[in-house]
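To start, the structure itself, in structure tokens.
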Amino acid sequence: MVVLFEFISMVLQEKQQDNEAMGKSRGGLSTKIHAAVDALDNPVRFILTAGQHSEIKQENPLIAGFSADDVIAEKGYDADAFIATSRRLKR
């Protein structure tokens, strides 16, 4: 997990973003990390969004260009369009 945070920090330093992906909630500021990983849990792509933004809006940019035998996602990605897209990723 430490490696992931170091990787995120490095990328953020290299690429200055106007949108800092900070959202407001009752609990304070929040950020969501949407990550695609390989079979060994190494990050291959990640997207930061404000905490109140929906996961499903990030599914296409997150998995675009990949092929996969299996896709594991949390319930925030549970939509017919995402399921159809992930089935097309099959090798």
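Odds and ends about this structure:
- Among the residues making up the stretch 43-72, a single one is modelled with pLDDT of 85 or more and farther than 23 Å from ARG88 by Cβ: LEU48.
- Each residue in the stretch 46-62 was checked for being under 14 Å from LYS32 (Cβ atoms) and part of a helix (DSSP H, G or I), and 6 of them qualify.
- The set of residues in the stretch 63-87 that are loosely packed, with under 10 Cβ neighbours inside 10 Å and in a helix (DSSP H, G or I) comprises LYS75, ASP80, ALA84, ARG87.
The values are calculated or read from the model by the stated rules, or taken from the named source; none is laboratory data. All of these numbers come straight from a predicted model, not from anything done at the bench. In this analysis, Cβ positions are derived from the backbone assuming ideal geometry, glycine residues included, and neighbour counts consider all displayed protein chains.
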